[in-house]
Amino acid sequence: MPAVNTSTDGGRLMTHTADVVIIGGGIVGSSVAYHLTEAGCANVLVIEREERQGMGSTAKSMGGVRAQFATPINIKMSLYSIDLFSRFEEATGHTAGYKAQGYLFVATSERHLDYLKANFQQQKICGVNNVEMVTREDIVRTVPQLIADDVVGGSFCPTDGFVDPYSVMTGFAKRARERGVITWLETEVTGIDVKSGRVAGVQTSRGYVSTHAVVNAAGPWASGVARLAGVDIPVEPLRRQIVKTESFSQLSAKLPMVIDMSSGFHFRPEGTSFLLAWPDPEQTYGFRTDFDYGFIEKILTRAVSRVPQFADVEVNPRRCWAGMYEMTPDHHESSAGLRVSTGCSWRTVSAATE
Ligand SMILES: Cc1cc2nc3c(=O)[nH]c(=O)nc-3n(C[C@H](O)[C@H](O)[C@H](O)COP(=O)(O)OP(=O)(O)OC[C@H]3O[C@@H](n4cnc5c(N)ncnc54)[C@H](O)[C@@H]3O)c2cc1C
């Protein structure tokens, strides 16, 4: 079956048809394209407005992957993903850069510890066999430099860890293309044609594409894309900034992602450097990807209060960056309860019901 059908009129392109049009060629769009081909659907068109794929949030990610979530759907999706990352080269011919160095959540209050315990139970039910609750002593053994006077415990899963998101995207996209998926770069979707409540096609800067299925994989821009079809989805972009240290040998390069639940500060090794992140509660929604140099001092204050060695790091602001999370009002969690940093984003959770 031809990947994307194109009719011509004397050599002039007229219309295109595809079984599925994916809007956005980042890690999500590429994964959807790959998985559609896995399911036998190759008549797929990926439309990306940038000149290269991955210039949105994908290239800005910290690359953390974890099964230590609160809700069954997140846990199960992560289990699936982590298994795929562990055999990604076999599946796609490309490395995921998966490093199983774990995620260590560090609780400093009984409330946070109860939250971790509830998550732990849910994770076990969902089949995360290797997650464990850990004591302060375990935590100090893992990260001897951590100030642990106020630590009451934590949780750890050794198969959580990090991937190279750009590499994952590339693997998915390459294998999808080998199986017939077409990608249009530098092409913007400007309209979604809906007839009698069903998608009939998409208008692009390169012409009209007839299709009955559209996947909105536009990340932080998903709300604007949905509006093209007359649909309101409450996805909002939220800037997140990452500080990358220069080479730093006072902490082990084998450390897991460490999450200080008291402040939300989290960090992980990246080669001989470290990536430091903190979800600044003062950050407001909006399309912003500029890195604010003042953020370095803000985050280092949190970093040093938990790991004093971070007072010695060197930071080159030009090696730091900012990108946008795509946020929903419920943060995909239940409404009431505790606000806990997850190492990816702030999520509102109910410790009792999750
Ligand atoms: C600093 C930071 C750290 C993060 N760390 C983590 C982490 O540790 N772990 C984790 O799981 N997640 C993390 N994330 C979140 C993660 O990066 C995103 O959830 C993910 O990259 C979203 O991928 P995507 O493909 O949906 O979006 P994107 O990569 O943004 O791709 C969307 C694409 O759609 C294209 N597009 C938009 N509108 C149109 C249009 N009209 N026509 C054509 N193309 C269009 C854009 O150009 C873009 O390329 C982090 C995010 C940030 C910013």
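The values are calculated or read from the model by the stated rules, or taken from the named source; none is laboratory data. On a predicted model such as this, the values are computed, not experimentally measured, just so you know. Don't worry about glycine lacking a Cβ; one is built from the backbone with ideal geometry, like all the others, and counts go over all protein chains shown. Surface areas here come from the heavy atoms of the whole protein model, side chains and all, with no ligands, DNA or RNA. Shrake-Rupley method; radii C 1.70, N 1.55, O 1.52, S 1.80 Å.
A few notes on this one:
- Remark: the Cα gyration tensor places region 34-84 in the oblate category, a/c being 1.5 or greater and a/b not exceeding b/c.
- Rounded percent of accessible protein surface that carbon and sulfur make up, the chain, 1.4 Å probe: 52
- Rounded tilt (10° steps) of 294-306 against the dominant C-alpha axis of the chain: 40
- Under a 5 Å amide H cut-off, with hydrogens placed 1.01 Å from N, Phe274 pairs with Thr245 among residues at least 5 apart or on other chains.
- Computed from the Kirkwood radius of its Cα pairs, the Stokes-Einstein diffusion coefficient for the chain at 4 °C and 1.567 mPa s stands at 60 µm²/s.
- The chain - percent relative contact order, Cα under 8 Å, separation 6 or more: 21
- Gain upon complete extension [Ser305, Arg318; 0.36 nm per residue less C-alpha separation]: 2.2 nm
- Diffusion coefficient of region 272-333 by Stokes-Einstein, Kirkwood radius over Cα pairs, 20 °C, 1.002 mPa s: 159 µm²/s.
- Exceeding the 22 Å Cα-Cα cut-off - candidates Lys124/Lys244; Lys174/Lys254; Lys60/Lys99: Lys124/Lys244; Lys174/Lys254
- Annotation: per residue accessible area for region 82-147 equals 49 Å², rounded to a whole number [probe 1.4 Å, protein chains only].
- Remark: spin-label model distance Glu89-Ala200 equals 5.0 nm, labels positioned 7 Å along the Cα→Cβ axis.
- Measuring nothing but how far apart in sequence close Cα pairs (under 8 Å, 6+ apart) lie, relative to its length, region 166-273 scores a relative contact order of 13 percent.
- Averaged per residue, region 220-292 has 42 square angstrom of accessible surface, using a 1.4 angstrom probe with ligands and nucleic acids left out.
- Solvent-accessible ranking of Trp321, Trp278, largest area first, probe 1.4 Å: Trp321, Trp278
- Restricted to Cα atoms, region 192-306 shows a radius of gyration and a Dmax of 20.7, 63 angstrom.
- With all protein chains modelled, accessible area of Lys124 [1.4 Å, Å²]: 80
- Whole-Å distance, taken between Cα centres, linking region 39-99 and region 256-271: 21
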